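I have placed the structure first, in the form of structure tokens, so that the comments after it can refer back to it.
The values are calculated or read from the model by the stated rules, or taken from the named source; none is laboratory data. Since we're looking at a predicted model, the values are computed, not measured. Virtual Cβ from ideal backbone geometry, glycine too; neighbours counted across all protein chains shown. Accessible surface is based on the protein model in full, side chains and every heavy atom, while ligands, DNA and RNA are left aside. Shrake-Rupley method; radii C 1.70, N 1.55, O 1.52, S 1.80 Å.
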Amino acid sequence: MKVIIRVDGSLEIGQGHISRCLNLATEFKKVSAKILFISKNYDDEYHKLIQKKGFQVKKINKNLSKKQDTDFTLKIIKKAKPSYIVLDCYDLNSDWEKRVSKYCKIIRINDFANKTFSKFYINSNTKNKNEIYKKNKKNKSKTKFLLGPRYNILHENFTKYRNLALIKFKKKIKVKKVLIFIGVYKDSLILLSRILSILNKLKFNHIKFQVILGNEMIF
């Protein structure tokens, strides 16, 4: 099986898209899938991160238009003939999907309720199907919607705790520790500062907060 992953990362975009796609690529690799990443050349450090994990990266010029981006991707698809292409990129919309879906099944990873032509639509931030179905009235029967935290694409070190966490959230539990991780992108410090400022005004003296910032952990 061949799988292409179309994803971008930079200080502006953040590292989260690439991180979760690497998690997914690792799982595909376990079933002997051949993986190829396609990514715009915003920052070579992000491409090095992908290559360090043992995956090949095909770079796209960052100044290409959406149409040129799609044309470039289609050339690779027609040559490689993958079983699936994973799309985790906010810049590319349903127009991109519509063209690509004629040649390959799409797995769309998205955090919003968007129109889609994908085979699988993964959104771990919501369980509300109504808004997504509203935008996909004509083609919702062709797409499998995977919604809610159960489908969060975690690193393999954390997946074993997923079901345990979901069970605990259904029960009334006393929270003692909270982990905060904003991600790695340009404005992460600003967002983190706002969150900590709000928490400081509320009465959470009984809770211990741990903050992960980049590769550092602050207690």
Once the dipole of the chain is set up from charges on Cβ (+1 Lys and Arg, -1 Asp and Glu), the residue from the list Y161, L191, T73 lying farthest towards its positive end is Y161
Tensor-based shape of the range 1-90 (alpha-carbon gyration tensor, a/c under 1.5 rounded, otherwise prolate or oblate): oblate
In the chain the accessible area split gives carbon plus sulfur, as whole percent at 1.4 Å, a share of 53
Using the alpha-carbon centroid of each, what span in Å lies between the range 11-46 and the range 89-122? 17
Please tell me the relative contact order of the chain in percent, rounded to the nearest whole number, where contacts are Cα pairs under 8 Å and at least six residues apart. 18
With every protein chain present, what is the per residue accessible area of the range 1-121 (1.4 Å probe, Å²)? 51
Of 111-117, 79-85, ordering from highest average Cβ density within 10 Å down gives 111-117, 79-85
Estimated 222 nm signal from helices in the chain, with DSSP H stretches of n ≥ 4 weighted -39500 (n - 2.57), rounded to 500: -10500 deg cm²/dmol
Assigned charges on the beta-carbon of Lys, Arg, Asp, Glu; the chain dipole about Cα centre (debye): 1280
Against the longest alpha carbon principal axis of the chain, how many degrees, from 0 to 90 and to the nearest 10, is the axis of helix 16-30 turned? 70
